[in-house]
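The following block contains the structure, expressed as structure tokens.
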There are 4 protein chains.
Amino acid sequence: MEATGKKAVELAKIVEAVARERGITIAVAPQFTDLKTVSEATGVPVFSQHIDPIRPGASTGHILPEAVKASGAVGTILNHSERRIKISEIEESVEMAKTSDLIALVCANTAGVSAAVAALDPHMIAVEPPELIGTGVAVSKAKPELITYTVKRIHTVNPHVRILCGAGVSTPEDVAKAIQLGTEGVLLASSVVKSKDPRKLLSEMADAALEATH
Amino acid sequence: MEATGKKAVELAKIVEAVARERGITIAVAPQFTDLKTVSEATGVPVFSQHIDPIRPGASTGHILPEAVKASGAVGTILNHSERRIKISEIEESVEMAKTSDLIALVCANTAGVSAAVAALDPHMIAVEPPELIGTGVAVSKAKPELITYTVKRIHTVNPHVRILCGAGVSTPEDVAKAIQLGTEGVLLASSVVKSKDPRKLLSEMADAALEATH
Amino acid sequence: MEATGKKAVELAKIVEAVARERGITIAVAPQFTDLKTVSEATGVPVFSQHIDPIRPGASTGHILPEAVKASGAVGTILNHSERRIKISEIEESVEMAKTSDLIALVCANTAGVSAAVAALDPHMIAVEPPELIGTGVAVSKAKPELITYTVKRIHTVNPHVRILCGAGVSTPEDVAKAIQLGTEGVLLASSVVKSKDPRKLLSEMADAALEATH
Amino acid sequence: MEATGKKAVELAKIVEAVARERGITIAVAPQFTDLKTVSEATGVPVFSQHIDPIRPGASTGHILPEAVKASGAVGTILNHSERRIKISEIEESVEMAKTSDLIALVCANTAGVSAAVAALDPHMIAVEPPELIGTGVAVSKAKPELITYTVKRIHTVNPHVRILCGAGVSTPEDVAKAIQLGTEGVLLASSVVKSKDPRKLLSEMADAALEATH
């Protein structure tokens, strides 16, 4: 509830300010019902949390790629740990995202699944081992070798995929570590949304990311 | 695509005008991404096409009842023929809809399933035999006895549930027939959305409904 | 693993002996792969743990009602807490079970879902609140009023359905209590399968059931 | 129904005879309920049509790898076109199959999904474009370049995976073509099961396969 309705817009404005100050890219993935408002109220790139590989027509109750695009979103998450989908649906959704000019960011829970997803040619993969999600323990700290191994496996299958580190990232150090291990960014959730001072935390994370990149 | 984005608002405004002129209630159920815009731009009651029985927290990629309520919607469809759910999910979703002060409208494909759903105490049930959906043949015309039998079975289990006729309704005559057979309204989809003159069709349907009621 | 392969047959023979001695009915529901062997090796009524509402043809990977019947089974469980299905699938599966002359025993987690399932006219309903499953705390002990209320709701919708008590039953006292509260039997799992002396436990449960019935 | 119960054993005996005469390997994948009987009555390698990635315990209604192994099966199909599963389930099921010493044969509908599955390291992949399944038109005839391209993509990701051609194979010529295009065998269904003379058809297919191999 800290990121729904008006609070989604407030948070997106903080994200926009930090991204502009630091010269980095930060996207947000609000509720489906907030996609349009957040897109219109800010210049921040907006992602959907999911799309269904369904065309308009018999699609009641589903998330249409076209509707997500029409809302102003620039991309979509797929196969999030809280919304796993079938392998053939990942391929179809990635293709439909591309057709709708949406960036496809697919989550994967293991090195094997990450490599598998790489073969489906999404724009980005976020590695998020379920055992670390929501624990506050970053995968980069708990299992640094898992990140480097996964990056290697993904790039062996498909060198064009951009890789994010997705599980348990909650501090600026976690962000720095994730980038040092070969990923290009991180997927954040409760650590920022539930932070008492999201702007301060995001700014420090941005600084850590910039330092790790150089 | 005839009911997404700006077109969703245009259609909702037509609905609002007809409802006001005729003194009847017509709700709309647009894409999730259009719930807020349609709610804000019109006075028409807005329904979500689905909610997931999930609380905020680990809910990425799902339709939260709270987010739907925050968008301005007054109700939700559940178990639509294009989005069937488990029986325990229907019960949980109906309860969560009530907690969020949303009207729960559950779709059911047969007389048996309609009676079963009645036991879960939703506000409304829409009967929609899948064999007639999208055929342009109204269930009230093809199987009038199915409607009267279903109404009877639902009310034996739960006399408080309001009943809509959901399949194949496409003409003013279909609307009249549905009401004569004991339902209180209809669920419409492509017949109106794809009509060349939605205002004219809705007005005629409203007149037919009013006449059948008296 | 205590009830798979040869052990499934051994356990079924114990069940058969106790049922014959006590003059009561006890059925078993082994793995799909053991249905035929258990049916052939004993005279005990055998239930499948699930069937899919699918006809022969494009059915690879599914549990066909016809194959279950051909294996010698006399009935099937449906919607077990570990295998929940959609409401329309329950209706179709109940109908297909009847067509294949199989007894349909549908599990339900709440009083509302139990009443809903009753409208679909299965032969039997097993009430199993998920919060008590596998806890060793019988629903009849923890929530006796839930059983009597559920029995009443089921019979209001459909007086012909036979009712079992399904959660947390692990002692002869639990069995007696369940029958005193208005059910006709119990659904047992780990308490018997993992018992050191299944024959003794089942015999004592049978005695408790008989005493409670008189 | 042509391959259930007694007919499953009869068909498996025909398969066994042809395989022995021709010196080739043919496996069968009967109903779950027939796995044990077919394994015991013949020497033919038996595959399950599916397994669930679930350990014994809370597994009612599921296909346990251990139970499949205990039935005498030597392998399992996964992700068949009629039983698609989530990507993380494929990985878990492949791993559990290996733990239970079962051969994992994963079906895939496109070149992309085939390459993705290859990253999960199953023993075998069967390529079965859904548009050709059950049409009587072999993928090797309709889209020969799809087979060669898929073989190449799979082997780029994982050179150890053995590849079968899975869709629309119904004649000896289809079998020969599939092998000439770089696969090691075929997945057959209705063409053999519904043949008036399965022995003759299988023998001719075996001859075609042997000739194509040389």
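Percent antiparallel among DSSP beta bridges with both residues in chain D, to the nearest 5?
0
Report, in deg cm²/dmol and to the nearest 500, the calculated mean residue ellipticity at 222 nm for the protein assembly as shown, where each DSSP H run with n ≥ 4 adds -39500 (n - 2.57) and the sum is divided by the residue count.
Values: 40 runs with 392 residues, N = 856.
It lands at -13500 deg cm²/dmol.
Report the convex hull volume per residue for the stretch D:62-103, counting only C-alpha atoms, in Å³. Show your work: numbers first, answer last.
Numbers: hull volume 2.9 nm³, N = 42.
Once divided by residue count, the hull of the stretch D:62-103 is 70 Å³.
If you don't mind, another one. Quantify how much of the Cα-Cα distance distribution of the stretch D:1-120 extends past 17 Å, in percent.
Numbers: 4087 of 7140 pairs.
More than 17 Å apart: 57 percent of the Cα pairs in the stretch D:1-120.
What residue among B:ALA17, B:ALA142, B:ALA119 shows peak mean-square fluctuation when chain B is described by a Gaussian network model with Cα springs under 10 Å?
Greatest mean-square fluctuation among the candidates belongs to B:ALA142.
Also, I was wondering about something else. Show me, bin by bin at 10 Å from 0, the whole-percent P(r) of the stretch D:135-203 based on Cα pairs.
22, 49, 24, 6, 0
Mind listing the phi-derived Karplus ³J(HN,Hα) values for the stretch B:199-214, rounded to whole Hz, using 6.51, -1.76 and 1.60 with θ = phi - 60°, and x for any glycine or proline?
For the stretch B:199-214, the Karplus-derived couplings read 5, 5, 4, 4, 5, 5, 5, 4, 4, 4, 5, 5, 5, 5, 6, 7 Hz, x marking Gly and Pro.
Additional query: In chain B, which residue puts its Cβ closest to the axis that turns chain B onto chain A, and how many whole Å away is it?
Taking Cβ atoms only, the nearest residue and its distance are B:PHE32, 2.
Going down the table (A:LYS13/B:LYS69; A:LYS6/D:LYS86; B:LYS141/B:LYS194), which pairs top 28 Å between alpha carbons?
Numbers: A:LYS13/B:LYS69 23 Å; A:LYS6/D:LYS86 35 Å; B:LYS141/B:LYS194 21 Å.
Those over the limit are A:LYS6/D:LYS86.
Another question, if that's okay. Convert 25 °C to kelvin, take the viscosity as 0.890 mPa s, use the Kirkwood radius over C-alpha pairs of the protein assembly as shown as Rh, and evaluate the Stokes-Einstein diffusion coefficient in µm²/s, rounded to a whole number. Mind showing how you got there, number by number?
Values: Rh = 29.4 Å.
In µm²/s, the coefficient rounds to 83.
Mind checking A:87-100 for the average number of partner chain beta-carbons within 10 Å of each residue's beta-carbon? Could you put the intermediate results ahead of the total?
On the way: counts 18, 12, 3, 5, 8, 4, 0, 1, 2, 0, 0, 0, 0, 0.
Partner Cβ neighbours, averaged per residue: 4.
What average count of beta carbons from other chains do you get within 10 Å of the Cβ of residues in D:48-57?
On the way: counts 3, 5, 4, 1, 1, 0, 1, 1, 5, 5.
Taking the mean over all residues of the peptide, I get 3.
Put the label 7 Å from Cα along Cα→Cβ for D:PRO56; what are its distances to the other copies, in nanometres, shortest first?
3.2, 4.5, 5.5
I've got another one for you. Over 15 Å, how big is the tail of the calculated P(r) for the stretch A:140-179, in percent of all Cα pairs? Don't jump to the answer; show the numbers that get you there.
On the way: 303 of 780 pairs.
Of all Cα-Cα pairs in the stretch A:140-179, 39 percent lie more than 15 Å apart.
Additional query: Over chain D, with a Gaussian network built from C-alpha contacts below 10 Å, which listed residue (D:SER100, D:SER71, D:SER59) shows the highest mean-square fluctuation?
Largest GNM mean-square fluctuation: D:SER59.
Please pull out the direction-averaged projected area of the stretch D:96-214, using the convex hull of its alpha-carbon atoms, in nm² to one decimal place.
Details: hull surface 29.9 nm².
That works out to 7.5 nm².
Next question, about the same structure. Which three lengths, in whole Å and largest first, does the stretch C:6-213 cover when its Cα atoms are put on their principal axes?
Principal extents (largest minus smallest coordinate, Cα): 47, 39, 27 Å.
Antiparallel as a % of all DSSP beta bridges within the protein assembly as shown, to the nearest 5? Write down the numbers at each step before the final one.
Details: 2 of 70 bridges.
Percent antiparallel among DSSP bridges in the protein assembly as shown is about 5.
Then there is this: From the phi angles alone, apply the Karplus equation (6.51, -1.76, 1.60; θ = phi - 60°) to the stretch A:160-172 and give each ³J(HN,Hα) in whole Hz, x where the residue is Gly or Pro.
Computed from phi, the couplings for the stretch A:160-172 are 8, 6, 8, 10, 10, 9, x, 10, x, 6, 9, 10, x Hz.
Under the convention of a label 7 Å out along Cα→Cβ, give the distances in nm from C:HIS214 to the same position in every other copy, shortest first.
Copy-to-copy label distances at C:HIS214, shortest first: 7.2, 8.0, 9.1 nm.
Follow-up question, since we're still on this one. Run through the other copies and list how far each one's label point is from that of B:LYS152, in nm with one decimal, shortest first; the point sits 7 Å from Cα along Cα-Cβ.
2.8, 6.7, 7.3
Quick query: amide H of D:ILE103 versus all other amide H atoms, modeled in the peptide plane; which residues come in under 5 Å with a sequence gap of 5 or more or a different chain?
Answer set, sorted by chain and number: D:GLY75, D:THR76.
Something else about it: For chain A, set up a GNM with springs between Cα atoms under 10 Å and report which of A:VAL157, A:VAL18, A:VAL127 has the largest fluctuation.
Between A:VAL157, A:VAL18, A:VAL127, it is A:VAL157 that shows the largest mean-square fluctuation.
Can I ask one more? Report ³J(HN,Hα) in whole Hz for each residue of the stretch A:46-52, in order, from the Karplus equation J = 6.51 cos²θ - 1.76 cosθ + 1.60 where θ = phi - 60°; Gly and Pro get x.
10, 10, 7, 7, 5, 9, 9
Right, another one. Taking amide H atoms as placed 1.01 Å from N in the peptide plane, list the residues 5 or more away in sequence, or in a different chain, whose amide H sits under 5 Å from that of B:THR4.
Amide H neighbours of B:THR4, under 5 Å, 5+ apart: none.
Mind listing the long-range amide H neighbours of D:ARG162? Cut-off is under 5 Å, sequence gap 5 or more, other chains count too, H placed in the peptide plane at 1.01 Å from N.
Hits under the 5 Å cutoff: D:MET124, D:ILE125.
Just so you know, all these numbers are worked out from the coordinates, no wet-lab data involved. It should be emphasised that the depicted structure is a prediction, and the values quoted were computed from it without experimental measurement. As a convention, Cβ positions derive from the backbone with ideal geometry for all residues, glycine included, and neighbour counts pool all protein chains shown.
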